[in-house]
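Asks: Structure in structure tokens, see below.
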Amino acid sequence: MKNTVATILAQKKSGEKITMLTAYDYTSARIEDECGVNSILVGDSLGMVMLGYENTLPVTMEEMIHHTRAVTRGVQNALVVADMPFMSYQTSVYDAVLNAGRLVKEGGASAVKLEGGAEVCEQIRAITDSSIPVVAHLGLTPQSVNAFGGMKVQGKNYERAVQLLDDALKIQQAGAFAVVLECVPSKLAKLITEELAIPTIGIGAGECCDGQVLVMQDMLNLTSGHTPKFAKKFADAGQAFRDGFRAYIEQVQSGQFPSEEYSYKIDDEVIERIIKERSEQS
Ligand code: KIV
């Protein structure tokens, strides 16, 4: 079944959990889509997991469009949401609409995601007024890493918790059709989920959100170094890759690969004729 903004909103009403995963390329997007994920997020986390940047800040519109295009080519049914990179919407409402439009027109995305609360409501309203659905992103918003002074759980004290709830209501009022809650205490995420008419999609925000999102590389154990507490490993693709790469190297070096099974045949007569002709010429 094709997933749309309407089907995602209906899932909040029916209580059917929304599943979202990141993808950044054609092959992964095609597999996630075949498995039936509701939504695929082309996250600006691609800066780290695909491009090797230290954080999301260097990611450009061109990089987002390039990866979004690859993802949309692999997807039949999932709703593709593309992240608006750092400084593609903070600068002005005009930039926000223009760049959201590029992700849809050039990337093929069906919706865009941007980070922030009250301070980006004008942008959310202008983008939705341009008929582009918007997912908001609250809590730990990685584009604010320098302002936060690191990647920390958000909304833990009374003032910050009230501010998060207030921001959630404001982005809903501005027209966002869903909100990602990242690194928010479970009980606060539950409260926000109950207050909002639009779905909450949690990442490190507990089980009461209307849906969940994870970074594909984290949940398949394809990352190296520290991964956050919430990033459960659902499979060990990292080990599967290593096993495959090592077996290939060994078999090429030992001559075991490629065997006849993986090679093409030609009539012996053809080869013999060529050899004969060449020896006659010399
Ligand atoms: O960029 C991203 O992958 C995200 C998710 C972590 C929600 O924003």
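The values are calculated or read from the model by the stated rules, or taken from the named source; none is laboratory data. Just so you know, these numbers come straight off a predicted model, no measurement behind them. As a convention, Cβ positions derive from the backbone with ideal geometry for all residues, glycine included, and neighbour counts pool all protein chains shown. All accessible areas refer to the heavy atoms of the entire protein, side chains included, with ligands and DNA or RNA removed. Shrake-Rupley method; radii C 1.70, N 1.55, O 1.52, S 1.80 Å.
Asks: Residues with beta-carbon under 12 Å from that of Leu9, excluding Leu9: net charge, scoring Lys, Arg +1 and Asp, Glu -1?
Replies: Overall, the nearby charge balance is 0.
Asks: List, in the order given, every pair from Lys187/Lys233; Lys13/Lys232; Lys113/Lys152; Lys105/Lys152; Lys13/Lys229 whose Cα-Cα distance in the structure shown is over 32 Å.
Replies: In this structure, Lys105/Lys152 lie more than 32 Å apart at Cα.
Asks: Output the direction-averaged projected area (hull surface divided by four) of the convex hull of the alpha-carbon atoms of the stretch 1-159, in nm².
Replies: Projected area, direction-averaged: 10.0 nm².
Asks: Roughly how many nanometres apart are two label points built 7 Å out from the Cα toward the Cβ at His226 and Gln251?
Replies: Simple spin-label model gives 3.9 nm for this pair.
Asks: In addition: List the residues whose amide H sits under 5 Å from the amide H of Tyr24, counting only those 5 or more places along or on another chain, with H placed 1.01 Å from N in the peptide plane.
Replies: Under 5 Å from the amide H of Tyr24 lie the amide H atoms of Ala29, each far enough along the sequence or on another chain.
Asks: Could you tell me which residue out of Ala197, Ile65, Gly101 lies farthest along the dipole of the chain toward its positive end? Charges go on the beta carbon: Lys and Arg +1, Asp and Glu -1, centred on the Cα centre.
Replies: Ala197
Asks: For the stretch 6-85, count all C-alpha to C-alpha pairs, find those more than 18 Å apart, and express that count as a whole percent of the total.
Replies: 42
Asks: Phe257's amide H: which non-local residues (gap 5+, or another chain) put their own amide H closer than 5 Å, with H modeled 1.01 Å from N in plane and none for Pro or chain starts?
Replies: Hits under the 5 Å cutoff: Val252.
Asks: Measure nothing but the geometry: give the 0 to 90° angle between the long axis through the Cα atoms of 26-35 and the longest principal axis through the Cα atoms of the chain, rounded to 10°.
Replies: For 26-35 against the chain, the angle is about 70 degrees.
Asks: Roughly how many nanometres apart are two label points built 7 Å out from the Cα toward the Cβ at Tyr264 and Asp236?
Replies: Placing both labels 7 Å along Cα→Cβ, they lie 3.9 nm apart.
Asks: Between Glu34 and Leu57, with labels modelled 7 Å along Cα→Cβ, what's the label distance in nm to one decimal, could you check?
Replies: 4.0
Asks: Under 10 Å, Cα contacts only: if you run a Gaussian network model on the chain, which one of Val42, Val59, Val270 comes out with the highest mean-square fluctuation?
Replies: Comparing Val42, Val59, Val270 in a Gaussian network model of the chain, the most mobile one is Val270.
Asks: I'd like the carbon and sulfur percentage of the solvent accessible area for the stretch 241-281, probe radius 1.4 Å, heavy atoms only, ligands and nucleic acids excluded.
Replies: C and S fraction of accessible area: 52 percent.
Asks: Right, next: For the chain, take every pair of Cα atoms, bin their distances at 5 Å starting from 0, and report each bin as a whole percent.
Replies: Using 5 Å bins, I get a P(r) of 1, 5, 11, 15, 17, 15, 10, 5, 3, 3, 3, 3, 2, 2, 2, 1, 1, 0, 0 for the chain.
Asks: Gain in length, His66 to Glu194, computed as 0.36 nm per residue apart minus the alpha-carbon separation, to one decimal in nm?
Replies: 42.4 nm
Asks: Mind checking the angle between helix 237-254 and the chain's longest principal axis? C-alpha axes, 0 to 90 degrees, to the nearest 10.
Replies: The two axes meet at around 10 degrees.
Asks: Let me know the shape class of the stretch 79-168, please: from the alpha-carbon gyration tensor, a ≥ b ≥ c as square roots of the eigenvalues, rounded when a/c is under 1.5, otherwise prolate if a/b is greater than b/c, or oblate.
Replies: Prolate shape, in that a/c is at least 1.5 and a/b is the bigger ratio.
Asks: Bin all alpha-carbon pair distances of the stretch 150-264 at 5 Å intervals from 0 and give each bin's fraction as a whole percent.
Replies: 2, 10, 15, 15, 12, 9, 8, 6, 5, 5, 5, 4, 3, 0, 0
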